[in-house]
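One structure is given below, encoded as structure tokens.
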Amino acid sequence: MKKATIHAVEHFDNIIVRIDEAGRTLNIPDWMVDKLKDFKLVWSSGLELKMDDGSLKHFNACRVWHRSPFNDRPHKGGQRYHPLVNVEMMKPHSIEMSIKLWLMKIRMGGAKGGIAVDPAQLSKGELKRLTEANVDEMDERNILGPFRDVPAPDAGTTATIMHWVRQRYAWRRRAHEDSRFAGVVTGKPVGYGFDGIEGRNEATGYGLISVLEHIMKKRLGKVGRTRVAVMGFGNVGSHVVERAAARKHHIIAVSDEHGGVYNSKGLDVEKLFAYFHEAKTVAGFQGGDALSSAELLELPDIDVLVPAALEHVLTVENAARVGAKLIVEGANSPTTFEADDILADKNIIVIPDVCANAGGVTVSFFEWARNVNMGDEFVPETGKRVDVLASMERILLAGADEMCRNADKYHTSLRNAAFVTAIGHVAPLFIAKHMA
Ligand code: NAD
């Protein structure tokens, strides 16, 4: 099942190949396939920032909305601060967000955006003023709002930055303390007056382990003590490690941008975290041998590989050498469509990003729904961590079950089944919207 039509492995190609494949599986009309590759909003703007030394500097910001059939609900997705942010990069991410939301039956459309900036190069005051300048631009174009577009943290952005967004949006309405505007953004700090939700921080990592164990039971008949390697030790990777260790899996290797560490007998996770909190990296941890992220991806003696750092790390270059039996995608789009074919030939099960890492957006949805007082059968009755994570798990496992059923029904990969399930949920709504 080689897809010979596209050779350049660009991020957008990945998503196009996957929509086309799901469209063929579902046999949906061409206009709908085209619609699923289309965007409701592609916005970009220059921002001028007054630096601490009094000089002015120019930055570029953007935001993209994928198509959505939910007129009564907002678009939702991460807001990234990174030098490579641009419209072309955000387009496929906005589609991924839609697929993730629709797979989990969350009635929203995908979005993604950010500012081309290295936040580490700015002072706290500069970062705040840049964030406020972007809120001003978005608000003047009527892009932002609890029922328009609800950003969330992504690479380079934090709960504090989300709080600044909420404050600025409310301030523009002369309503600094007004809780009505809390729903303009999610991933806010937790606590009185902040209106964030408990459990958001660990949601993605915890959800990934729940999905992994569920699918192992379904596909392999058992879970057992699994040997796991994790690339990336940020929000996703570190919580994957913490949760996997709590569930008695063996953490064989971890890595981050500075390097990694490997111990065939299993790393001492408590000592690893103690080291990480001091050193701010896992590289150099003395509880094992040093290894690179490239070596980690190809370890022969692991059961489960979790890429939880960057896009496109599993490619035609290395897919044939992957030793794990199962890959769980913590990062967005870590596997190219060409690598998918190679991994399938090796009978490696890939649990796709749109299912495996959907815990974060699911809890963000809870946060938004509580902020705007939106009753929903899915939303936990309390904002307590235990209720939030239990509700999240119910949603993720229901999505994973439907994905597995569709994989069996259509004799297809879990990834195509995830796209098929998600698109299947919204296809009747698109038809109703346009044929009425
Ligand atoms: P993060 O910024 O907290 O952590 C990123 C990690 O990747 C860091 O440990 C960093 O050192 C590491 N890294 C960077 N370059 C690397 C390299 N070349 N080799 C090895 N490691 C490298 O980001 P995060 O929130 O953990 O997100 C990671 C991925 O997961 C991203 O693709 C993100 O879009 C995706 N994701 C995150 C969430 C969430 O809730 N945070 C939800 C869904 C998807």
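The values are calculated or read from the model by the stated rules, or taken from the named source; none is laboratory data. Values in this document were obtained by computation on a predicted structure and should not be read as measured data. SASA here: full protein model, heavy atoms, side chains in, ligands and nucleic acids out. Shrake-Rupley method; radii C 1.70, N 1.55, O 1.52, S 1.80 Å.
Residues F430, F147, F181, ordered by accessible area of protein heavy atoms at a 1.4 angstrom probe radius and largest first, appear as F147, F181, F430. Straight-line reach from K280: which lysines have Cα under 18 Å away, leaving out those fewer than 8 places along the same chain? Within the straight-line limit of under 18 Å, K280 reaches these lysines: K271. In terms of accessible area, using a 1.4 Å probe and ignoring ligands and nucleic acids, S293, S179 rank largest first as S179, S293. Helix-only arithmetic for the chain: the sum of -39500 (n - 2.57) across DSSP H runs with n ≥ 4, divided by the residue total, places the mean residue ellipticity at 222 nm at -14500 deg cm²/dmol.
What a 1.4 Å probe finds exposed on the chain is 50% carbon and sulfur by accessible area, rounded to a whole percent.
Taking every protein chain into account, the 1.4 Å probe leaves D345 with about 110 Å² of accessible area, to the nearest ten.
Working note: Karplus 6.51/-1.76/1.60 with θ = phi - 60° gives the range 225-241 the couplings 8, 8, 8, 10, 10, 10, 9, x, 10, x, 4, 6, x, 5, 6, 4, 4 Hz, where Gly and Pro are set to x.
Within straight-line reach of K37, meaning a Cα separation under 21 Å, sit the following lysines at least 8 residues removed in sequence or on another chain: K3, K76, K91, K100, K105, K112, K433.
With all protein chains in place and ligands, DNA and RNA left out, the 1.4 Å accessible area ranks V426, V316 as V316, V426, largest first. With contacts taken as Cα pairs under 8 Å at a separation of at least 6 residues, the chain carries a relative contact order of 16 percent.
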